[in-house]
Every structure is written in structure tokens, then in C-alpha cells.
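Written out below as C-alpha cells is the structure these notes cover.
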Amino acid sequence: MRILLVEDEAPLRASLLKVLREEGYAVDGAVDGAEGLRKALECDYDVILLDHMMPNMDGREMLRRLRGVKRTPVMMLTARDSIEDRVVGLDLGADDYLVKPFMQQELLARLRALVRRNRPSPGVTITLGDVAIDTVARRVAKAGKEQPITGREYTLLEYLAHRRGAVVTRAELYEHLFDENEDTLSNLLEVHVCNLRRKLGAELIKTRRGLGYVIEEAPEGQAWP
Amino acid sequence: MAVIFHSIRWRILAWNFGLLATTVTVLLVAFHRHERANRTQEVDLRLRQLMTTSMGAVGEVVPGVAGPRPTAATGAANPARPRPNDNPVQRKAKAEQTVRELERDGCRLLVADPGKDAVLFTNLAATAEANELLAACVAQLAPPGAEPGPARPVDLIFALGTRRILLHRPPGPTFVAFILDSAGLEAELRALAWKLFAAGAALTGLGCAIGWVLAGRSLRPLDRIAATAEGIAAGDYERKIAVEDTESELGRLAVVLNTTFGRMNAARERVTQFTADASHELRTPLAVILSDSQGALRQERTPAEYQAALEAIQRSALRMKAISDALLELAQGDAGRPVAADACDLADLADEAVALLGRLARDHEAKLVAQLDGAPVKGDAGRLGRVILNLMVNAILHNPAGVTVAVTTGVREGRALLTVADDGRGIAAEDLPRIFDRFHRADASRSRHTGGAGLGLAIVKQAVEAHGGTIAVTSELGRGTTFTVALPAA
């Protein structure tokens, strides 16, 4: 899950980047609207967290320009909490609105909800054969037994699970799993896939040589034991 | 009902009614009296004519009506003139009328019977009415028999009941009463009075109706003003009273109210903006504190991580403190905190500021230039020092590296002047009027790269004005900005 955080307040930006990375999201930061818009147009983010008042281009302006091109989910973060501000923000195309100061739990829950809303399967639990993914608790169980899993591995699994039945290219996986600071030429992806196969069974994620990875559509009825 | 009499429209109507009714009553009563006098005069004239003709019938000529009584001398001197007894009217009357003589209480009474107009004493002794009339006539005269009568003929007219009586008293004990019944006249006058009353009532009613309509029309703007004011009170602050005629009294009132409401709305908007800004400025560091503390508490951290989180929290807390200090200073200034009146010199304060800012200027590669002539003032040295520091720090921080900041002090025309000029990027003309507003920053997006919450210049302006001074700013984009502070020189 790759997120763009556009926030001009350096301490808050640093703090949120850290939390989101610890949650296993791949996060890019932008210091103002202009940089944020450039990055948002360059890369397909899963969610954009957007501050309202920023130099060079404020959040509303950036949202307005972005909405002319892309429908990436956007959550506005702002210290302005008047009804009018919220209405304007939502009407410009924001998908959610969070008023500063906020609790991290709420930010993360809203983030999950926003991701879920933009996935084809709306449920909170995804079942793949005997593997069950709880997208709220971000936990994975195989045959009813919970498997220890890292944040990055979880994100990879969830991404493939949401796109199950379709081949996901390595480039796409890199774009959604790793932020701009990570070397896309590394074999990190292979390492994560290997770990997931070890924990959840070799059959779960299949390699399509030269194309990418795929989780086959699970037959009905073999769900959670 | 009580509500009705509080209504201006009703009060105007009441006054209108009162004035109109009084005026109409006075006019109509006067008219009625005049009419009565006229009619009575007509009756009296008829009485006199009657007297003339009747007395002619008995050989006496009454002067003034039927011509002067001729004296023997003039009658002899002018034989061409006809004798009074030959007056054709009198002659005719003589033939038509009967005059009877009556005796009563020693008075000789001649009673004329001139025909249909008069009440006749045909059987005077017999009727009580005749007696009464006679008694009234006698009462009008001097006691009969007491005197021989006037030397010249005397006429006396008076009213008795519905009758009008002319008493003619030639010399001697004789008198003649001519009586006309004026009952018809009285009835006519009563009918006239009723007609006048009806006309007056109609006139008053019409006047009141017109007054009611006019009062309603002239008071309609008041209703509009009230409706608008109610709307504003209900929260529709942008409403304006529609003014058609700005020169009328209510038009001017509406203009004044519009201006007042506009100002109040502007003040309300400023307060709202200020509150929103203050809450934004305080919430942003609060968000950092919450985020960092929650992030640190999510899981076990290394001591270095805890330390970093605490430092970030402390920085945010310090920023909140700075903002609340600034707000407090502004609030105290607003409350009219008394200003100290210590003798100090702007040159010394500027000199100190230059020394204090040496390091900041080096860090930002700014050049400080000072040309300081004595500028003694009375005031709070600490506050004035902060004014100078504030202006200089702004000039250093808000401009790109390499900027030159020039400070000058001096006295001109009894004013102690301080200027802080830079050759930096300048301020856009549309921003200039607002730079002293609280929380206003030239960069509307509230850039935090330069620090501060946008309260510095507001505090500067407040401090300068508290010292009885003025602050002015001129700026040109790309050329730089100059702040000029003028204080009363000590």
C-alpha cells in the first residue's frame, strides 16, 4: 500500500511518516502542494493524505488540479474544522476529512477504510483456500492458526489478494509496496514472496515468469475452517 | 389593544384625526354661525321693510329704509320731491294692510298685519300667546308710563322663542311690534347644521383614510429595516436594507444602519477569522505533540528514539507557548495596559538590536547597516526594543540570503523616527493593507518555514500605537520594504 503524505509542517510530517512506515505502508512525503501534485501525477498512490494550508499551492488547489486527472483517494488533514471548510474540501473531491489534532488510531482506521472502499471486495476478511486475511487487524491465519507476518509481507499479500485472479507485474508491486527511497532494483520483492510462501504454503502465490505474481481465484466453500 | 396604541401608524392616525376633526369643527361652526347671522339679518331686514311699509300706512316715515324723514324746511325748499306719503310702495302697503290699535298697561300698541309672513295679534286679548308676546315687548321697554318716551323713534329687535320681534317706538307712549315667525329659518339652520356635520364627518374620515395610507407608505421602510435587522439577528449577516431614496430621513437611517451592520459584520468576520487562525496555529503543534507521543508509545523504543520524540514534543510545546505569549501580549494591549514613560533613545535600542541580531544576520547571510542619530522618546524601553527587533528579524528572515537591512533613527519635525528598510523581495500591494492583521501572513498558505504565527507585526503596531505613535509601510515587489515608525519625541 503506497501513500503520499503532503504536509508542510516538518515535525508532523516526520512523525506521520514514521508511524505509517511502522504500519507497513510505503509512504512518500511532500513538503508543499506543488511537490505533492507532481508526485501524485507521477505515481499511482493508493491514498493521498493532504494538508490543507501549505505554501506554493494549498491543499484545495492541489486537490482541484489532481481531480482533473486522477481519482486517487484523498484524505484531507486540516486544523480548520468549520463546517464550511469540510464541505468545500469534500466537494472538491476529498474522500475523507480529518481534523488536526487527531489520534493515530483514527487516522489509521480511516486509512484502512479508504483503502477498503477502493478495493473490489468490500469485506474486512479475505479468504484464500485455508488462508484467511483479516484486513482490520492486519493478521493472517493458515488453517485457523495465526502466522507471524511482517508489515511489508502483509501489504504484499493483501495487494495480491485484492487483485486475485489477475497477474500483478513486479513494477506495479514495487510501485505500491516500496516508497521512493527504496532501491527498486533490489531483490526485496523476491525475498518477501519467498517468506510468504514459507509461512502460508508454496501454492498460494504463483510466479508467472516474465510477467509477475498471481494468487489464483479460490474455489468457493474452502474458506475459513 | 394596547399593542395598537404602541403602533406609530395608529398614533399618527390618532393625531391626524384629532387635528382634522378640530379644524373641520371650527370651520364648520364658524360657517354655520355666519350663515345664521346672515339669515337673521335677512329676517331683520324684512322686519324693517315691514315696519317701513306699515308705518307708512299710518303716516309715519321711517328713516334709512324708505328714505329720510323730510323736514319742513327741506320739504318746502324742494317742492319737486314727492311727499313721503306719496311713496308708491307705502301707498300700496297702506291699501293692503290693516293696523289695529290696542291698549295695554297704559301703552298704546299698534299691531300690523302685513300678511302671511307675520304672526298677527288678531285676537291679542284673548290668547295667552298674545299676552306673553305683549309682556315680553313691554319688558323690553322702559316701564310704561314712567317716561314720555324717546325724543326720537327707537327700534329694538329681539328674539322670542322662534319669533323675531321688532319694536318700533316713536316718541310718545305708543309702540309698535312687528313680528315674524322664524321657525322655518331655525329648521333650515338645523338642517344645514346636520348637512355640515355630515360633510365634516366625511371630510374627517377621508382625511384619516388618506393619512392612514400615507403613514403606512412612509413607515414601510421601517418595516423593511425591522425585517432586515431581524434577519441579521437570526444569523444572515450579509443582509442589507434596500434603500430607494438615500436622501429621505428613513433612507438616511437605512444607509447608517447598513454601514453599521456592515462594520459589525466585518468585526464579526475578523473575530471569526482570528479564532479560526488562533485555533489553527495552536492545533498544528498540538497535532505534532499527539502524533509524536502516540508514535513513541506504540511499541518499545530505543532511548534515542524516545529522546527524539520528546524533543519534537518540546519544540511543539515551545511553539504553542510562543503563540499563547503573543496572544496574551495582544490581549493585554487590547485591554489598555498602561505604558511606562521611561526616558529612552530609539538609537540606543536600535544599536542593541543590531548587536543582538548579528548572529542571526550572519546565519542568513544578511547585511545589517545602521545610521543612528539620537531620537529620545518616553516609553517602555522593553516594548520599543521588541518593536525594533521584530521589524529587523522580519526583514532578515522573510528575505532571501544577501539582503541588506538598514536601520536609521533620528528626529524630524518633533517626531522621533525609526526606519527599517530592506532591499528584499517586497510585499504585494494587495497584501500591504493586511500585514498588520493578526495571524495574517503575506503567504496565505501559512508557511511555517519562516517561523512565527503572524502575530509579530500586530504586536508591533499595537506597541507603537500604545506609545502614541504611527507605523507606516511602503513596499515594491522585487525592490524591498520600508517600515517607518514615528513616535512623539521626548
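The values are calculated or read from the model by the stated rules, or taken from the named source; none is laboratory data. Small disclaimer: the values here were computed from a predicted structure and weren't measured. With ideal geometry, Cβ positions are generated from the backbone for all residues, glycine too; neighbour counts draw on all protein chains shown. Protein only, heavy atoms only, side chains kept; ligands, DNA and RNA dropped before computing areas. Shrake-Rupley method; radii C 1.70, N 1.55, O 1.52, S 1.80 Å.
For the residues B:312, B:326, the requirement of being crowded, with 18+ Cβ neighbours inside 10 Å, within 11 Å of another protein chain (Cβ to nearest Cβ) and of a type in the set (A, V, I, L, M) singles out B:312.
The set of residues in region B:469-488 being closer than 14 Å to residue B:418 by Cα, out of contact with any Lys or Arg (no Cβ under 6 Å at 6 or more places or on another chain) and not polar (S, T, N, Q) consists of B:469, B:472, B:473, B:483, B:485, B:487, B:488.
Comparison of B:388, B:427, B:435 shows that the only residue that is at pLDDT 90 or above, within 55 Å of the chain's Cα centre (by Cα) and among the hydrophobic types (A, V, I, L, M, F, W, C) is B:388.
Candidates B:354, B:377: the one that is open to solvent by less than 40 Å² (accessible area, probe 1.4 Å), in a strand (DSSP E or B) and within 27 Å of residue B:417 (Cα to Cα) is B:377. Taken across region B:394-413, residues that are among the basic types (Lys, Arg) and part of a strand (DSSP E or B) do occur, with at least one present. Among residues that are in a loop (DSSP other than H, G, I, E, B), of a type in the set (S, T, N, Q) and either open to solvent by 70 Å² or more (accessible area, probe 1.4 Å) or touching a helix residue (DSSP H, G or I) at 6+ places or on another chain (Cβ under 9 Å) (or both), residue A:195 is not included.
Every residue, every condition in (1) at pLDDT 90 or above; (2) assigned to a helix (DSSP H, G or I); (3) in contact with an Asp or Glu (Cβ under 8 Å, 6 or more places away or on another chain), yes or no:
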{"site": "B:17", "(1), (2), (3)": "yes, yes, no"}
{"site": "B:21", "(1), (2), (3)": "yes, yes, no"}
{"site": "B:30", "(1), (2), (3)": "yes, yes, no"}
{"site": "B:33", "(1), (2), (3)": "yes, yes, no"}
{"site": "B:39", "(1), (2), (3)": "no, yes, yes"}
{"site": "B:54", "(1), (2), (3)": "no, yes, no"}
{"site": "B:59", "(1), (2), (3)": "no, no, no"}
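Search region A:13-33 for residues being in contact with a Lys or Arg (Cβ under 8 Å, 6 or more places away or on another chain) and within 16 Å of residue A:55 (Cα to Cα), and hand back the single one that is least open to solvent (accessible area, probe 1.4 Å). The extreme case among them is A:30. Looking at region A:34-51, can you tell me whether even one residue there is within 13 Å of chain B (Cβ to nearest Cβ), surrounded by fewer than 19 Cβ atoms within 10 Å (Cβ to Cβ), assigned to a helix (DSSP H, G or I) and not small (Gly, Ala, Ser)? Looking for residues that are within 13 Å of chain B (Cβ to nearest Cβ), surrounded by fewer than 19 Cβ atoms within 10 Å (Cβ to Cβ), assigned to a helix (DSSP H, G or I) and not small (Gly, Ala, Ser), one finds none in region A:34-51, hence no. Checking each residue in region A:67-84 for being of a type outside the set (Val, Ile, Thr) and over 18 Å from the mean Cα position of the chain (by Cα) picks out A:67, A:68, A:79, A:80, A:81, A:82, A:84. Name the single residue, out of those in region B:196-250 being under 17 Å from the mean Cα position of the chain (by Cα) and polar (S, T, N, Q), that is farthest from residue B:22 (Cα to Cα). Top of the filtered list is B:246. Selection within region A:85-105: residues that are over 22 Å from the mean Cα position of the chain (by Cα) and open to solvent by 50 Å² or more (accessible area, probe 1.4 Å). The member of this set that is farthest from the other protein chains (Cβ to nearest Cβ) is A:91. Looking at B:389, B:397, just one residue is under 27 Å from residue A:78 (Cα atoms) and either without any contact (Cβ under 8 Å) to a residue 12 or more places away in the chain or not aromatic (Phe, Trp, Tyr) (or both), and that residue is B:397. Restricting A:75, A:62, A:54 to those that are free of Cβ contacts under 8 Å to residues at least 60 places away in the same chain, assigned to a helix (DSSP H, G or I) and open to solvent by less than 10 Å² (accessible area, probe 1.4 Å) reduces the list to A:62.
So that you can scan it fast, the table gives a plain yes or no per residue for (1) farther than 20 Å from residue B:278 by Cα; (2) in contact with an Asp or Glu (Cβ under 6 Å, 6 or more places away or on another chain); (3) within 14 Å of chain B (Cβ to nearest Cβ):
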site	(1), (2), (3)
A:78	no, no, yes
A:83	no, no, yes
A:110	yes, yes, no
A:119	yes, no, no
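Restricting attention to region B:258-307, the residues being among the polar types (S, T, N, Q), in contact (Cβ under 8 Å) with a residue 12 or more places away in the chain and more than 14 Å from chain A (Cβ to nearest Cβ) number 2.
Within region B:225-236, restricting attention to residues that are buried (at least 16 other Cβ atoms within 10 Å of the Cβ) and not polar (S, T, N, Q), the residue that is nearest to residue B:249 (Cα to Cα) is B:225. Taken together, the criteria place residue B:207 among residues that are touching a helix residue (DSSP H, G or I) at 6+ places or on another chain (Cβ under 9 Å) and outside any strand (DSSP E or B). The set of residues in region B:464-490 that are part of a loop (DSSP other than H, G, I, E, B) and open to solvent by 30 Å² or more (accessible area, probe 1.4 Å) comprises B:468, B:477, B:478, B:479, B:490. Scanning region A:87-108 for residues that are within 19 Å of residue B:288 (Cα to Cα) and either aliphatic (A, V, I, L, M) or part of a helix (DSSP H, G or I) (or both) yields a total of 8.
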